[in-house]
Each structure stands twice: as C-alpha cells, then as structure tokens.
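Accompanying notes for the structure given below.
The values are calculated or read from the model by the stated rules, or taken from the named source; none is laboratory data. The shown structure was predicted, so the numbers you read here are calculated from the model rather than taken from an experiment. Here the Cβ positions follow ideal geometry from the backbone for every residue, glycine too, while neighbour counts run over all protein chains shown. When the accessible area is computed, the model is the full protein with side chains, heavy atoms only, and any ligands, DNA or RNA have been set aside. Shrake-Rupley method; radii C 1.70, N 1.55, O 1.52, S 1.80 Å.
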Amino acid sequence: GEQIATLLRRTIHAPMQNLLEALNNAPEAELPAVAQIVGWLLDQAPIEQALTQLLGKPTAQKEVLKALVRHGTRVGEFLIEQLESSDMETRQAAISALGRIGDRRAVFALTDILKEDNEDLLISAAQALTTLGDPNAYEALLNLLAHPNISVRQSAIGALNALNHPNMAERTITLLSDTNPLMRESAARIVGYIGYRNSIEP
C-alpha cells in the first residue's frame, strides 16, 4: 500500500482545486476510494480541512480517519473545528481521531464536551482524554464519577486511572464518604486499580 502511495505522490501533479472538486463531488459509492487517494496526497491545509469535513460520511469515514491519523497533530486544528459540528457522526469521529493522534490542544474542547448530555459523546471524549493524559481534564472527569450511565462512569474511571493526578490520592478519601453511592463505587474502583494506601481503610 505504501509503495502505491509513494508512486502516486511522485507522479500526480493535479491542481489542488481539481482534487478538492473530486473529493466534494464524488458519488457516495466512490467516496472511499477518492478519500484514500487524496489522503495519500495530504500535505496542504485546504485538502486536510476538506477531509475533516467528510468525517460524518459513513462510507468514507474509515479512509478519512486513516489519512488524518497518519498525518498526526498537523491536522489537529481542523479536527478541533469539527467538534462544533451539528452532525453527531462527525463529532464522534473527530473525537476519536484527536485521541488517536494525541493532540493535547484538544483537551479543553474535549472537557467542554464532558458537560453535555449525549452519553455516546461523553464516553468518546473520556476515552480520548485517557490517551491524552493531560491533568487539565482532571476536574471535568471527576464530575462524571456519579453519572447514572455505568459506561460513562467506567470511561471516566479509566481516564482518571491513566491520568493518576497528584491530587487524586487525597481526593479519593473524600469521595469514599460521598452521599452518592455511585460516587463511592467509582472512588473504590479507582483505589482498587491504583492502590492509594491512605484510602485503603476508608
């Protein structure tokens, strides 16, 4: 596959506008192939931006994600823009891509998502923050530990375990006596995973 991509980059000299038109006007059935080819040529901002706008297209999403992840944090800015999309599929895919490329510029945008009501987005954002491991997500993740959805709670617990914030050991002592049993359960799971010694007795 990489041989074909290299040959293509050496030999194709299509104007950028032609590539963008091909990407925007391709029939649904051809979109994955066009996205793959354009992804091989991904080295210019207009093309990168156009690809991120296709994240919500189910037929092309796999190829678009592969192309964007391959080019790393260079495309992070365009992915962060897509977190504001009105299309849920696009937002989900952008969150996933940001986690996979490890772009910490996305941390504050992802923690904003943790304040929303959509449980699928909450889970995806928490999973992305698990990968990023940025301490700025600490407080926002704590707020999910009493969420009624167990999958949301587990995602937040996983992210906090990965983060292992320096304040977490002391915080779990407080959380273990919280009035909300879901909060206590989540705190116990964190203690069980990391093994904060001061929290064992509580």
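Where is the GNM fluctuation largest for the chain (alpha-carbon springs, 10 angstrom cutoff): A162, A126, A94?
A162
What list of ³J(HN,Hα) values in whole Hz, one per residue of the stretch 50-67 in order, does the Karplus curve 6.51 cos²θ - 1.76 cosθ + 1.60 (θ = phi - 60°) give from phi, with Gly and Pro shown as x?
Using θ = phi - 60°, the values come out as 5, 5, 4, 6, 9, 4, x, 8, x, 5, 9, 4, 4, 5, 4, 4, 4, 5 Hz.
Based on Cα positions only, what radius of gyration and what Dmax would you give for the stretch 138-199, in angstroms?
10.2, 28
What accessible area per residue, rounded to a whole number of Å², is obtained for the stretch 17-128 using a probe radius of 1.4 Å?
Using a 1.4 Å probe on heavy atoms only, each residue of the stretch 17-128 averages 47 Å².
For the chain, with all protein chains present and a 1.4 Å probe, just round the carbon and sulfur fraction of the accessible area to a whole percent.
C and S fraction of accessible area: 49 percent.
I'd like the distance between the alpha-carbon centres of the stretch 92-152 and the stretch 161-201, rounded to an integer number of Å.
After rounding, the separation between the Cα centres reads 19 Å.
Could you work out which residue, out of L55, L19, L132, moves most in a Gaussian network model of the chain, that is, has the largest mean-square fluctuation with Cα springs under 10 Å?
L19
Over the Cα atoms of the chain, each weighted equally, I'd like the Debye log10 I(q)/I(0) at q = 0.14, 0.15, 0.16 Å⁻¹, rounded to two decimals.
-0.80, -0.87, -0.94
Loop-only GluC sites (Glu not before Pro) in the stretch 22-97, please: DSSP not H, G, I, E or B, and at most 14 other Cβ atoms within 10 Å.
E84
Mean residue ellipticity at 222 nm from the helices of the chain, using -39,500 (n - 2.57) per DSSP H segment of n ≥ 4 over the full residue count, to the nearest 500 deg cm²/dmol?
Rounded to the nearest 500, it is -19000 deg cm²/dmol.
Can you grab the distance from the C-alpha centre of the stretch 46-82 to the C-alpha centre of the stretch 9-28, Å, no decimals?
16 Å
Using a simple charge model, +1 on the beta-carbon of Lys and Arg, -1 on the beta-carbon of Asp and Glu, nothing else, what dipole does the chain show about its Cα centre, in debye to the nearest 20?
Dipole of the chain, to the nearest 20 debye: 640 debye.
Let's test the formula: R0 of 41 Å, r as the Cβ-Cβ distance of Q154 and R74. What FRET efficiency results, to the nearest 0.05?
The computed FRET efficiency comes out at 0.80.
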